[in-house]
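Questions regarding the structure given below will be posed in turn.
The values are calculated or read from the model by the stated rules, or taken from the named source; none is laboratory data. Because the structure is a prediction, the values reported are computed rather than measured. Glycine gets a Cβ as well: all are built from the backbone with ideal geometry, and neighbour counts include every protein chain shown. Quick note on the areas: whole protein, heavy atoms, side chains included, nothing else; ligands and nucleic acids left out. Shrake-Rupley method; radii C 1.70, N 1.55, O 1.52, S 1.80 Å.
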Amino acid sequence: MAAARCCLVLLLLCRCSVSVLGTGPPAAPGPDRQAAAVDSGHLTAETAEEKRREEASPDDAGTDQQDASGPETPVPLSSPEPKDDFQEELVIRPLHSGDIYASFQFRTLWETDFTRGDKESHYRLFPKSLGQVISKFSVRELHISFTQGHWRTMQWGQPFLPSPPGAELWVWFQDSVTDVDGMWKELSNVLSGIFCASLNFIDSTNTVQPSASFKPLGISNVTDHRFLRYATLPREIVCTENLTPWKKLLPCGSKAGLAVLLKSEKLFHSSFHSQAVHIRPVCQDWQCKTTSWELRQALNVVFDLHTSGQGKREWTLFKMFSRTVTEACPLASSSKIYVDITDNPQGEQFELSPASHLLSQAVVLGDRRTFSVYDLTQQVTFGTVRSLNLLIRWKSSEGDMLRPLLHAERYVAGYGLQTGEIHTVMYNNHPYRSFPVLLLDSVPWYLRLYIHTLTVTSKGKDNKPSYIHYQPSKDRVRPHLLEMLVQLPPNSVTEVKVQFERALLKWTEYTPDPNHGFYVGSSVISSLVPSIVAMDTNSTLDRPLFSSFFPCKEESSYFVRIYTEPLLVNLPTPDFSMPYNVICLTCTVVAVGYGSLYNLLTRSFQIEEPSPGLAKRIANIIRKMRGVPPL
């Protein structure tokens, strides 16, 4: 027993000695340097640096001793570098009409893999709510937008990130998903709660599976359209309740950085407002050895000159947003404001104050643009007032009208409430180049298309599409889906026409305001438009975010996607006031007829003698006093 105790004590002493050797410093500083440090009362910079270097990289002997000491030995760990990054940008483009276009871009990159089995538990910059959605529903790409108003292409040019009026949602799922429709339905309900929107109204009656229009925008080998779902809600109204959760997804929220300018009172008092969220996998390096997940939040707004209240051709940040910029987001690695000065090289169109000597050139939508750059991470940008309030004052109202190469519009023709015709008009304004466009139309089931009446004409001649994909609708199950590839001749107008018949709905399927009409989503037109500027495909170069969203590999063209106006169609509507009139008339007849009969059957009648008059009562009193019988 005593021998066992002695052995246990010796074992403990050996472990303690090894632990002391393992945790001690690998090498002590020299006696002279140590004495100097003790005499001065603190370590010099060289000594501190040497100690830090020795603690971070111990010698082999120290490492062996730490390994031998077991789990009790603490191992010095260096803090890992963050694998996520956040950037924010604001692009301001003065328009020739006197209006102004402002585009916010917020990008969050995270080097992680949501597709693996284990779930992420630590979120730093990437919002946890969206990360959990990607993991749970096996999402490969997610694109959602909420738009109020219609983008006027002929007046404002092409937007950086297009979006249709209302709500739009399209998602690519992983190829491991077995029940895509079930995942799609549940995902739309979850997103409806996150963004406080009516996405829960997305069902099979307004969902389609495009075969060629919506390809993955990120890194993806999945091109099977069975894992793609696309839906729109053209009647969705965008309000403050949608903007608030959108701002909460930002790392700094609306407390710092460019997000302080997102004041709902000003944003919704505009001609056009759109907010979007795009999630996709992208390459981390130019060799694409590692991938990251990109969350890009975009907000586009166009302020009208006349609705601003002043009517002056003068804009400031305070006039647009009722606030100024005082600092960048502390979590952002880049925070910049770009002002488009391409049409104002010598300052003859407008005056920009304060002026910036930092210029940047970027290829945007096939055109090389020049921007004045204001870096919010530099203190010199704010000056002595610690606030940045850009001023754009127009000097001349003359200017060339923006003429985009590709433009489209759509309308409904015909009369009556039985038949009609949908016209989609596409304009190719290029003087000598023709190019193909991919047209997608999703028409609700209650507009029954006559596909044999489909005609495509260009310059008065038939233009036969080279590719047509048509999926007929099923009543109350799925909508029509029409995709076609059409070649647009140079400097031409191409018109696509198809006739339809209006269906009669059940009385429970009408909206609360049926006489207002029913909305039909916008047509989607995708194309590679000819360009005179080569677009660089290297995503690792330092360039603005608004110029690097849609990938393009052909140097002579650039990708563009445009949306037409939504349609408002009237359907045969019954007179919903007639049931009310019938109910009122029926209730009146029942009340009068049955009420009278009920009173006759249930009321009891009694004969009551009339009370004598005042004179008769006085006479009876006198007769009683005289002893005479009363009358």
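List the residues, sorted by chain then number, that are 5 or more residues from I341 or on another chain and whose placed amide H is less than 5 Å from its amide H.
T370, F371, S372
When the solvent-accessible surface of protein heavy atoms is calculated with a 1.4 angstrom probe, in what order do D340, D175, D375 fall, highest first? Kindly include the intermediate steps, with their values, before the conclusion.
Values: D340 10, D175 100, D375 30 Å².
So the residues, ranked largest to smallest area, are D175, D375, D340.
Once amide H atoms are placed 1.01 Å from N in the peptide plane, what residues at a sequence separation of 5 or more from R140, or on another chain, have their amide H within under 5 Å of its amide H?
W172, F173, Q174
Shifting gears a bit: Please list, in order along the stretch 360-371, the HN-Hα scalar couplings obtained from phi with the Karplus expression 6.51 cos²θ - 1.76 cosθ + 1.60 (θ = phi - 60°), rounded to whole Hz, x for Gly and Pro.
9, 10, 8, 8, 10, 6, x, 10, 7, 10, 10, 10
Heavy-atom accessible area of R478 with all protein chains present, probe 1.4 Å, nearest 10 Å²?
Rounded to the nearest 10, the figure is 60 Å².
Could you name the lysines in cross-link range of K624, using Cα to Cα under 27 Å and dropping any fewer than eight places away on the same chain?
K616
Still on this structure, I have one more. Which three extents, in whole angstrom, do the alpha-carbon atoms of the stretch 84-340 cover along their principal axes, largest first?
Each principal axis gives a Cα extent; for the stretch 84-340 these are 58, 41, 32 Å.
Once R0 is set to 41 Å, what does the formula 1/(1 + (r/R0)^6) return for the Cβ-Cβ distance between H150 and C288, expressed as a FRET efficiency to the nearest 0.05? Before the final figure, lay out each step's value.
Numbers: r = 38 Å, r/R0 = 0.92.
Efficiency computed from Cβ-Cβ geometry: 0.60.
Additional query: Using a cut-off of 25 Å between alpha-carbon atoms, which lysines can reach K506, once sequence neighbours fewer than 8 places away in the same chain are excluded?
Within the straight-line limit of under 25 Å, K506 reaches these lysines: K185, K474.
Would you please give the FRET efficiency between V412 and T316, computed as 1/(1 + (r/R0)^6) with r the Cβ-Cβ distance and R0 = 41 Å, to the nearest 0.05?
0.45
Here is the link list: K83/K255; K128/K255; K128/K263; K247/K289; K255/K319. Which ones come out longer than 26 Å on Cα distance?
K247/K289
I've got another one for you. What figure, in Å² to the nearest 10, do you get for the accessible area of H96 with a 1.4 Å probe and non-protein molecules left out?
My reading of the accessible area for H96 is about 50 Å².
Whole Å is fine, so just give me how far the alpha carbon centre of the stretch 228-291 lies from that of the stretch 342-391.
Each part's Cα centre sits 24 Å from the other's.
Return the sequence-ordered ³J(HN,Hα) values of the stretch 513-528 in whole Hz as given by the Karplus equation 6.51 cos²θ - 1.76 cosθ + 1.60 applied to θ = phi - 60°, using x for Gly and Pro.
In residue order, the calculated couplings are 10, x, 6, 5, x, 10, 8, 10, x, 6, 6, 10, 10, 10, 7, 9 Hz.
Let me ask something else about it. Using label points projected 7 Å from each Cα along Cα→Cβ, tell me how many nm separate S264 and N620, to one decimal.
That separation, rounded to one decimal, is 8.1 nm.
Taking 0.36 nm per residue of separation and subtracting the Cα-Cα distance, what length does fully extending S556 through Q606 add?
Full extension of this stretch gives 7.4 nm more.
Determine ³J(HN,Hα), in whole Hz, for all residues of the stretch 91-108 in sequence, where each value follows from phi through the Karplus function 6.51 cos²θ - 1.76 cosθ + 1.60 and θ = phi - 60°; x replaces Gly and Pro.
Each residue's phi maps through the Karplus curve to give 10, 10, 10, x, 9, 5, 6, x, 6, 9, 10, 10, 10, 9, 9, 10, 10, 10 Hz.
Per-residue accessible area for D513 at 1.4 Å probe radius, Å² rounded to 10?
Only protein atoms counted, so the area is about 60 Å².
Using a 7 Å offset from the Cα along the Cα-to-Cβ direction at both I451 and V628, what is the distance between the two label points in nm, to one decimal?
It is 11.4 nm.
Could you name the lysines in cross-link range of K464, using Cα to Cα under 16 Å and dropping any fewer than eight places away on the same chain?
Straight-distance partners of K464: K497.
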